[in-house]
Structure formats: structure tokens, C-alpha cells
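Reviewing the structure listed below.
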Amino acid sequence: MANKGSEVSFTGLIGVVVVALFVGVIYFTGPVKPSVLDRVVEYLPKTFAGKSEPPIRRWLYDFQGLVGGLLALAAGAITIFQMRLTDRDAAARHDEAMALAREANRNAVERALNPTILNLSTVNRYLDRVEKDVRSKNTFEMQNEELRSQAWLLAYIHDGLVEALSREQFVVGSALFPGKLAYKITYLKKLAEENGHKIAAIDKNFGHGAHRPATAKTEKLLREYYSPFFEMCAFLPELIGMLRSTAEKHQIEID
């Protein structure tokens, strides 16, 4: 602030000097009545033979031209100085706007990550448990049967994934994420939505634990669900890790 005050004072001083010079030039070198000028000049010797114009008049004209040039230079210097001040102010406003934008972006990212990371981590723990149970079976048929028996839990897992990735603040903040992370979020959400309908239909056929033979339709759905299930198991931990890295980058503490 002290710098800015001194710059303004300096500009004002230059303005005063320019005005004083201008007034002086007008006062001393402005149009003079011929009768007065002639009375002044008639006492001066003519030192330049053949010159009809008195030397003092020529000197006054030259002096007026010199002062006019100095005034033009001063005006140019003031213009440049003011332009620099304007540029400096514009740069300061730009930096302030950028700082505010960065803070707004950070807040949006923080609202997106909290509590989404914790919600996804909870879903991942349940998904990991189901994956271990399925992989403990030795045959494809036994693994499918395990998926069928835990369809009720998988249906909740799919609902939890879709809900976490569809939260309004998460969607808004994810627009600020890097391209790879944004792609993985979109892909996982699509995977959870498309296969959530399949596992819900499987759960309905199984009857929440009431053992009944699988219908042909259920068998078909289980075969279709098998690969996406393992893909989701591999995809979710990777996504959570990327979200945590984003939180660290923005110095966001995950509650």
C-alpha cells in the first residue's frame, strides 16, 4: 500500500510540474501585443545583418518550441507510467481472481471426496468379502452358486456404488478431476448400474436364502454377471486409491 501511495504522489507531482511549465510558457511566450514587443526590441542592436526579425523574437520562438517538446516528453512519460500502474493493478486483480478460483475448486473437490471415499471403502469391504467367498470355490458352477447365494448382499453393494457415484456434490466436483480418473468413475458407475439389474433379478429368484433350483433365466444371468463381478472387484480398489491421491494433492483430509 505504501508503494501505491508513493506512486500516486509521484504522478501528482509530475502533473503539477507539467501544469506549471505549461502556464509559464503561455505566460512568457504566448502572443504579445506588437506595440509592446516593438518597444522592447527597438533598444536591442541588430547583430544579424539582413535579418528583418529581431533575435529576441527568434529566441522566444525557439524557447517556446523547446518547452513544447519537453512538455510532450513529460506527457509521454506520464502516459507510460500510468500504463504500467494500470498493468500492475490488472495483474494483481488477475492473481486475486485466480486465487479465489483455486480456493473454490478445492472446496468443490473436498465436498466431492467427503464422504464419498469412506462410503466407497465401506462398499469395497463387503465386495472383497464376497469375492473371497466366491474364489474359495473350485468350479465355475460352485462359484456361480456362491454368487447366487449372496445375491442379496451384492444387490446392496450395487445400490451403494450407484448412490455414492451419483451424489450431487460428487458429480459437480468430479468435473475438476483428471481425465483418467473421470473416465474410471464413469465406467464403474455404468458397470454397477448395468449389472445391478441382473443381480437384483438373481436375488429375486433365489428368494433371500430359500434354496430353490435356479431357472434357465437365472443361469443365463449368472453367466452374464460372472465377468463384470470380478472386473468390479478389481476396479473399485483402484478407483479409491486414485481418489485418495487426489485428496492428498489438494491437501484434503478425509474424515
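The values are calculated or read from the model by the stated rules, or taken from the named source; none is laboratory data. Fair warning: this is a prediction, and the values are worked out from it, not measured in the lab. In this analysis, Cβ positions are derived from the backbone assuming ideal geometry, glycine residues included, and neighbour counts consider all displayed protein chains.
For the criterion of being more than 28 Å from Gly241 (Cα to Cα) and among the hydrophobic types (A, V, I, L, M, F, W, C), Ala201 passes.
Hey, can you tell me all the residues within the stretch 75-95 that are under 21 Å from the mean Cα position of the chain (by Cα) and modelled with pLDDT of 80 or more? Within the stretch 75-95, just Arg93 meets the criteria. Being modelled with pLDDT of 90 or more, surrounded by fewer than 16 Cβ atoms within 10 Å (Cβ to Cβ) and basic (Lys, Arg) is a condition met by no residue of the stretch 108-123. Restricted to helices (runs of 4 or more DSSP H) entirely inside the stretch 123-220, those with at least 1 residues that are more than 43 Å from the chain's Cα centre (by Cα) are 140-149, 151-166, 179-206. Residues that are under 46 Å from the mean Cα position of the chain (by Cα) and part of a loop (DSSP other than H, G, I, E, B): does the stretch 233-248 have at least one? No, the stretch 233-248 contains no residue that is under 46 Å from the mean Cα position of the chain (by Cα) and part of a loop (DSSP other than H, G, I, E, B).
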